[in-house]
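Participant: One structure coming up, written as structure tokens, with questions to follow.
The values are calculated or read from the model by the stated rules, or taken from the named source; none is laboratory data. In this text, all values refer to a predicted model and were calculated from it rather than measured experimentally. Cβ placement follows ideal geometry from the backbone for every residue including glycine, while neighbour counts extend to all protein chains displayed. Protein only, heavy atoms only, side chains kept; ligands, DNA and RNA dropped before computing areas. Shrake-Rupley method; radii C 1.70, N 1.55, O 1.52, S 1.80 Å.
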Amino acid sequence: MNTENLDAPSIEKTTEDAVAKNPTSRTFDPKLIDQLVGQAREQGLAIDGENGLLAALTKRVVESALEGEITDHLGYEKHERGDADNSRNGIRSKTVQTKGGPISIDIPRDREGSFEPAIVKKRQRRLGSIQDVVLSLSARGMTHGDIAAHLADVYGTTVSKTTISTITDKVLEGMSEWQNRPLDPVYPVVFIDAIHVKIRDGQVANRPIYVALAVTAEGNRDILGLWAGDGGEGAKYWLQVLTEIKNRGTEDVLMVVCDGLQGLPDSVAAVWPETVVQTCVVHLMRNSFKYASKADWPAISAGLKLVYHAATLSEAEDRFADFKTEWEERYPAVIRLWQRAWSEFVPFLQFDREIRRIVCTTNAIESVNARIRKAVKARGHFPTEQSALKCVYMALMALDPTGQERARWTQRWKPALNAFDIAFDGRLSARM
């Protein structure tokens with residue numbers, strides 16, 4: 001069916017009227033959409049696919065934009081007589097891939113050859129939407145092969161794995177800028193953790209990707225950076241990471257919440273001597289269950305809950321003594337685990353319950369790590385360290401696209417931030 005029969009002037013006129021009535025909405029009149037769909041059905045025209053309604057509209061919009069670009073370039077409208085030596089010089093046809101399938105568009109030319117179209121650049125074979133789809137799918141964990149198959153199935157577009165890799169490589173420049181950006185002078189809390197990915201460097205091996213997530217003084221979540229370690233997670237490497245964060249402008253951190261890694265408090269103290277190091281309760285609970293029979297998990301959980309819900313340090317010590325009496329004979333490893341972590345477990349007990357509720361776990365960073373793991377799981381392993389970091393970075397940039405989670409997060413932190421400033425003698429507000 002010939003798509004030229006679609007009434008282009010009425011499309012443009014109705015759209016202009018809709019925007020004029022409500023310029024902030026920038027939406028089409030629903031009646032216009034119904035009219036176009038009805039007209040397409042009457043003519044037997046498909047909605048999507050090659051030569052469908054979506055392809056016809058895309059072609060019309062792109063060619064209209066190109067005509068506007070060359071008009072701006074030459075300084076006079078089509079069919080008018082210009083004063084300059086340069087003028088229109090026909091068109092050239094070009095096929096580009098879009099979400100609606102391949103379309104052939106007519107690109108205007110000028111006699112001097114100085115016209116450089118912006119919406120469809122020279123040698124460009126795909127509109128930006130395809131690139132957006134590739135980046136979105138890659139950020140959500142799909143492999144290059146899966147993305148190529150998806151584009152072929154849904155859009156009828158053939159995109160090679162090499163092309164997909166080239167598209168995703170475009171994020172590397174932004175990643176480098178993001179990784180080296182200046183940071184805030186003070187953060188009330190920084191959550192740190194590491195996830196392990198498989199990287200092929202001669203042979204496939206597990207490598208840690210270090211993640212630092214801060215809460216800003218305004219209550220927003222800010223991921224400070226990503227770092228690829230060269231072996232197992234270690235306090236020595238964390239010292240390098242924390243030093244880099246300080247060098248990028250962070251002069252003070254009130255609390256660092258971590259998973260209880262041995263030696264980490266010394267690394268934190270070397271960078272920020274006044275910072276309180278808090279071990280994540282969730283990690284302690286999870287590690288406790290590793291040493292216990294699953295049948296005893298509910299009872300162990302109930303006993304330890306009395307410890308970390310204690311109102312004071314002395315009460316926590318009493319409740320742990322009771323727990324030790326009940327379980328030490330059966331599970332001595334659980335008792336030793338809590339005894340080794342005790343000095344980093346108890347700091348939050350001295351603070352207001354608003355602070356306890358926020359910092360006693362690393363759930364804030366665990367949710368981020370869950371998204372990262374989902375993105376890397378499908379890969380199996382990465383050929384290089386850079387490819388692993390690129391995958392993790394894209395997963396992080398795809399977090400909370402609507403901003404709804406950020407609003408909930410900020411609201412949840414407001415009471416705790418006031419308590420932080422009081423508990424830490426104004427160190428938070430002094431550097432804001």
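Participant: Would you work out the Kirkwood radius for segment 233-367? I mean one over the mean of 1/r across all pairs of different Cα atoms, in Å.
Facilitator: Kirkwood radius, segment 233-367: 15.9 Å.
Participant: Taking 0.36 nm per intervening residue step and subtracting the Cα-Cα distance, what contour gain separates V37 from R340 on full extension?
Facilitator: Net length gain for the segment: 102.1 nm.
Participant: Something else about it: What is the sum of charges, Lys and Arg at +1 and Asp and Glu at -1, for the other residues whose Cβ falls under 12 Å from the Cβ of R336?
Facilitator: The answer is +1.
Participant: Here's a follow-up. Using a 1.4 Å probe and ignoring any ligands, DNA or RNA, find the accessible area of R319 and quote it in Å² to the nearest 10.
Facilitator: 70 Å²
Participant: Around A423, what is the net charge, scoring Lys/Arg as +1 and Asp/Glu as -1 over all other residues with Cβ under 10 Å from its Cβ?
Facilitator: Charge balance in the 10 Å sphere: -3.
Participant: Between S87 and N418, what FRET efficiency follows from the Cβ-Cβ distance if R0 is 60 Å, with the result rounded to 0.05?
Facilitator: Efficiency at R0 = 60 Å is approximately 0.35.
Participant: Roughly what would the spin-label model give for S429 and S301, points 7 Å off Cα along C-beta, in nm?
Facilitator: With each label point 7 Å from Cα toward Cβ, the separation is 4.1 nm.
Participant: Step through the table entries K122/K377; K198/K290; K94/K390; K161/K374; K246/K414; K121/K198, compare each Cα-Cα distance with 31 Å, and write down the pairs that go over it.
Facilitator: From K122/K377; K198/K290; K94/K390; K161/K374; K246/K414; K121/K198, over 31 Å: K122/K377; K94/K390; K121/K198.
Participant: Would you mind computing Rg(Cα) / (2.2 N^0.38 Å) for segment 152-195, counting N as its residues?
Facilitator: 1.96
Participant: Hey, another quick one. Excluding ligands, DNA and RNA, what is the solvent-accessible area per residue of segment 282-326 at a probe of 1.4 Å, expressed in Å²?
Facilitator: The answer is 59 Å² per residue.
Participant: With a 10 Å radius around each residue's Cβ, average the other Cβ atoms per peptide and rank 185-194, 241-250, 322-331, highest first.
Facilitator: Most protected by this proxy first, the peptides run 185-194, 241-250, 322-331.
Participant: Same structure, new question: What does the net charge come to around L183 if you take all other residues with beta carbon closer than 11 Å to its beta carbon, with K and R at +1 and D and E at -1?
Facilitator: Local charge sum for L183: -1.
Participant: How many percent of the accessible area of segment 271-363 is carbon or sulfur, using a 1.4 Å probe?
Facilitator: 51 percent
Participant: Ignoring ligands, DNA and RNA, what percent of the 1.4 Å accessible area of segment 150-204 is carbon and sulfur?
Facilitator: Taking all protein chains in place, segment 150-204 shows 47 percent carbon and sulfur surface.
Participant: Still on this structure, I have one more. Roll a 1.4 Å probe over the protein chains and send me the accessible area per residue for segment 156-225 in Å².
Facilitator: Per residue, segment 156-225 has an accessible area of 42 Å².
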